[in-house]
Amino acid sequence: MSTDDAFDAAYREHYWAVSRFVARRLDDQAWEVEEVVAEVFAVAWRRRADLPESPLPWLYGVARNCLANTVRGKGRYRRLLARLGHHEVTRGGRTVASPDAERPGSWVLEALSRLTETDQEVLRLTAWEELTVEELGTVLGCGRSAAAMRLHRARRRLREQIETLDPTERVPLGCMSDKAGRAGQADKDGHA
């Protein structure tokens, strides 16, 4: 298969996955998501000779870099607007959600928001994008062992944050293995 054919196949097969990946991380208008996705595939086109056999994790890595560039650009734009002082963004006219507008599972998002951006991204890549540890390593630019360790640590930190939340808002995560779950239930029932 030629490099052009490999790019065509990657584009057709993974365009929507990359679009969802970007949209989950960029809560703005659809045109901004489309711009970032277009940049991802422009990079993929320029580097089509480097496309791996399974290109999706590689494309996610490119998307992370494009998103970082977009976020930096937005920061520069906001600083410029703040200096100018005559734009609605600088006047703080934002809508606040009502107190009863809590979404189901928002306690998980609350715990996730307390983590570092790096830990959040590792957890998003494995939960939202359903990447394996090997694919996670490809996206992060590290080996399988380092990716597994990062995932383990991020999960541990998330668990710690969940434990600090109000106990009435928490539900069991099911993180225990079946054997550990039975042992924990036996302890609760008074059996050894």
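The values are calculated or read from the model by the stated rules, or taken from the named source; none is laboratory data. Remember, predicted model here, so these are calculated numbers, not experimental data. Heads up, the Cβs are rebuilt from the backbone with ideal geometry, glycines too, and the neighbour counts pull from every protein chain shown. Surface areas here come from the heavy atoms of the whole protein model, side chains and all, with no ligands, DNA or RNA. Shrake-Rupley method; radii C 1.70, N 1.55, O 1.52, S 1.80 Å.
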- Message: Among the residues that make up segment 61-81, is at least one of them closer than 20 Å to Leu125 by Cα and in contact with a Ser or Thr (Cβ under 9 Å, 6 or more places away or on another chain)?
- Response: yes
- Message: Looking only at segment 97-117, count every residue that is surrounded by 14 or more Cβ atoms within 10 Å (Cβ to Cβ) and at pLDDT 90 or above and tell me the total.
- Response: 2
- Kindly indicate whether any position in segment 63-80 is hydroxyl-bearing (Ser, Thr, Tyr) and either open to solvent by less than 60 Å² (accessible area, probe 1.4 Å) or within 20 Å of the chain's Cα centre (by Cα) (or both). yes
- Which of the residues that make up segment 27-55 are among the aliphatic types (A, V, I, L, M) and surrounded by 19 or more Cβ atoms within 10 Å (Cβ to Cβ)? Val33, Val36, Val37, Val40, Ala44
- Do we find a residue being outside any helix (DSSP H, G or I), open to solvent by less than 50 Å² (accessible area, probe 1.4 Å) and either in the same structural domain as Arg124 (by TED's automatic domain parsing) or hydrophobic (A, V, I, L, M, F, W, C) (or both) anywhere in segment 5-20? no
- Query: When segment 118-136 is examined, which residues are found to be over 21 Å from Glu163 (Cβ atoms) and either in contact (Cβ under 8 Å) with a residue 24 or more places away in the chain or open to solvent by 40 Å² or more (accessible area, probe 1.4 Å) (or both)?
  - Reply: Glu121, Leu125, Trp128, Glu129, Glu130, Leu131, Thr132, Glu134, Glu135, Leu136
- Quick check, is Pro57 of a type outside the set (Phe, Trp, Tyr) and either in a loop (DSSP other than H, G, I, E, B) or at pLDDT below 90 (or both)? no
- Query: Restricting to segment 139-158, what's the tally of residues that are buried (at least 17 other Cβ atoms within 10 Å of the Cβ), closer than 21 Å to Leu59 by Cα, out of contact with any Ser or Thr (no Cβ under 8 Å at 6 or more places or on another chain) and not small (Gly, Ala, Ser)?
  - Reply: 2
